[in-house]
Amino acid sequence: MAKDSLIEQLDIQTAVPPATTEFREHEMILNVGPSHPAMHGILRIITKLSGEHVLESEVEIGYLHRAFEKSCEDSTWNQALIYTDRLNYVSACINNVGYCMAVEKLLEVEVPPRGQYIRTLLCEISRIADHLTCVGASAMELGAFTVFLYMIKGREYCYELIEDYCGARVTTNSTRVGGMPFDLAEGWLEKCTWMIGEVREILRECHILLTSNRIFVERMDGVGVISGERALNWGITGPFLRGSGIPYDVRKDHPYLIYHDLDWTVPIGKKGDNFDRYLVRMEEMEQSCRILEQCVKRIPDGPISVANKRVTLPDKKDTYGNIEGLMNHFKLIMHGHGIRVPKGEVYVSVEAANGELGFYVVSHPDENSTDGCNDKPWKVRCRPPCFHAVAALPELINGGMLADIIPTFGSVNMIGGELDR
């Protein structure tokens with residue numbers, strides 16, 4: 001790091017205290033985080049201040065390094081799935097789907113329509129949960145605690161649906177390479193319809209509390225501005241980019257699953273400020289509700305996984321009920337057997353709650369195997385969406401007020417697990 005970095009200046013400032021108590025106007029280096037509540041305990045912003053004006057800033061990550069990629073490379077193809085849960089742990093189902101789609105592209109298999117519908121349902125429920133968490137927490141950090149309680153109540157409804165499907169709320173492990181582990185339980189679709197109505201009512205109440213609230217608007221409007229061109233230069237995607245007027249959405253521009261068959265729109269902002277990003281997320285939740293409604297009405301009957309015993313795990317009733325199912329399960333789970341993925345490399349991206357979540361996966365040939373395939377990935381690389389927005393954070397906060405760091409950082413929706421993977 002350069003000798004004149006803010007970190008080194010901070011060391012000098014703290015090492016040489018002023019020799020007098022006389023009032024002097026001078027610049028000050030101040031840490032914001034990692035212990036600050038709004039920094040989530042894993043991010044440090046070193047700021048140079050003149051009074052309460054931010055002159056310069058540096059963002060330091062590295063307090064939650066998880067070694068996601070190397071952990072995946074030391075696991076079998078299905079074992080690596082549990083590590084994807086820990087990327088964006090607020091909407092883990094989307095991570096699961098993205099990784100499985102990458103492996104399935106290497107295998108050249110396609111999940112049956114019902115399995116694709118179930119994946120879409122879980123992804124959009126997770127997107128709503130993520131946006132509710134982001135907006136609710138950001139509002140709470142500005143003093144709107146009631147909004148936080150309302151939105152966390154809505155998130156609870158989403159998590160209950162996910163739990164009803166796979167038995168977990170956060171670390172979901174909700175998909176498998178080649179399809180889905182379970183079909184939908186009886187009454188699940190009806191509960192999903194009920195959840196949609198409850199979420200829409202919560203959004204209506206929160207619009208009343210926030211969207212025309214003078215305090216909230218003045219804290220958000222015109223703050224943290226970034227143009228569409230600058231956002232693209234930084235590699236920003238998702239609601240952050242769409243708030244700056246760029247209508248890029250992986251679900252529309254590079255369709256996957258069944259999104260191309262559904263009727264929904266991509267909301268965009270105009271000014272690229274915190275308030276636009278808030279409005280975009282609020283409207284995206286409504287669009288997710290539209291997608292869910294269509295999925296509930298159109299979901300077909302049929303299998304949920306690929307009919308290939310070399311890829312798809314057998315049902316539990318077969319695993320425990322007959323020797324063929326037990327042997328099939330054993331072969332797919334045991335190291336040295338497992339799913340045999342041929343040599344190749346792919347990049348697959350999905351639209352996560354924060355933007356484009358990509359997985360670059362490489363299968364390296366195993367020279368010791370008879371089929372030349374390997375049961376473990378040789379390389380797994382993740383493109384985390386919030387990394388790029390956090391990298392651009394100094395551009396958003398420099399020149400503003402110290403107090404503006406909180407709403408601007410909240411609009412980034414930084415998730416530590418995918419940021420410092």
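The values are calculated or read from the model by the stated rules, or taken from the named source; none is laboratory data. Keep in mind that this is a model prediction, so the values were computed, not measured. Using ideal geometry, Cβ is built from the backbone for each residue, glycine included, and neighbour counts are taken over all protein chains shown.
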Open item on the list: Within region 144-182, take every residue that is modelled with pLDDT of 95 or more and charged (D, E, K, R) and give me the one that is nearest to residue 208 (Cα to Cα).
Closed with: 153
- [ ] Would you be able to say whether some residue in region 344-352 is modelled with pLDDT of 95 or more, at negative phi and surrounded by fewer than 15 Cβ atoms within 10 Å (Cβ to Cβ)?
- [x] yes
Task: Residue match in region 245-262 (condition: over 27 Å from residue 121 (Cβ atoms), assigned to a loop (DSSP other than H, G, I, E, B) and either among the small types (Gly, Ala, Ser) or more than 18 Å from the chain's Cα centre (by Cα) (or both)) - done: yes
Task: Search result, residues across region 279-311 that are closer than 21 Å to residue 125 by Cβ, among the β-branched types (Val, Ile, Thr) and not in a helix (DSSP H, G or I) - done: 299, 304
Open item on the list: Test of understanding: among 146, 171, which residue is under 26 Å from residue 68 (Cα atoms) and of a type in the set (S, T, N, Q)?
Closed with: 171
Task: Unmet requirement for residue 34, which otherwise passes all of (1) without any contact (Cβ under 8 Å) to a residue 60 or more places away in the chain; (2) surrounded by fewer than 21 Cβ atoms within 10 Å (Cβ to Cβ); (3) over 23 Å from residue 142 (Cβ atoms) - done: (3)
- [ ] Count, please, the residues in region 47-57 that happen to be in a strand (DSSP E or B), out of contact with any Lys or Arg (no Cβ under 6 Å at 6 or more places or on another chain) and not hydrophobic (A, V, I, L, M, F, W, C).
- [x] 5
Task: Residues being touching a Leu at 6+ places or on another chain (Cβ under 9 Å), in a loop (DSSP other than H, G, I, E, B) and hydrophobic (A, V, I, L, M, F, W, C) - total across region 181-191 - done: 1
Open item on the list: Would you confirm, using the coordinates I've provided, whether residue 161 is more than 16 Å from residue 96 (Cα to Cα) and either within 18 Å of the chain's Cα centre (by Cα) or crowded, with 17+ Cβ neighbours inside 10 Å (or both)?
Closed with: yes
Open item on the list: If I ask for residues that are out of contact with any Leu (no Cβ under 9 Å at 6 or more places or on another chain) and over 15 Å from residue 390 (Cβ atoms), which ones from region 41-71 would you list?
Closed with: 50, 67, 69, 70, 71
Task: Among the residues listed as 178, 224, the single one being under 15 Å from residue 274 (Cβ atoms), surrounded by 15 or more Cβ atoms within 10 Å (Cβ to Cβ) and in contact (Cβ under 8 Å) with a residue 24 or more places away in the chain - done: 224
- [ ] Scan region 58-86 for residues that are hydrophobic (A, V, I, L, M, F, W, C) and not in a helix (DSSP H, G or I) and report the count.
- [x] 6
Task: Residues of region 126-154 that turn out to be surrounded by fewer than 22 Cβ atoms within 10 Å (Cβ to Cβ) and either in a helix (DSSP H, G or I) or of a type in the set (Val, Ile, Thr) (or both), as a count - done: 11
- [ ] Being surrounded by fewer than 22 Cβ atoms within 10 Å (Cβ to Cβ) and aromatic (Phe, Trp, Tyr) is the filter here, so list the residues in region 69-98 that pass it.
- [x] 89
Task: Hits in region 107-125 - residues which are over 19 Å from the mean Cα position of the chain (by Cα) and part of a helix (DSSP H, G or I) - done: 107, 113, 114, 115, 116, 117
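Residue by residue, here is whether (1) among the aliphatic types (A, V, I, L, M); (2) under 30 Å from residue 141 (Cβ atoms); (3) surrounded by fewer than 22 Cβ atoms within 10 Å (Cβ to Cβ) holds:
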residue: 357; (1), (2), (3): yes, yes, no
residue: 363; (1), (2), (3): no, no, no
residue: 385; (1), (2), (3): no, yes, no
residue: 409; (1), (2), (3): no, yes, no
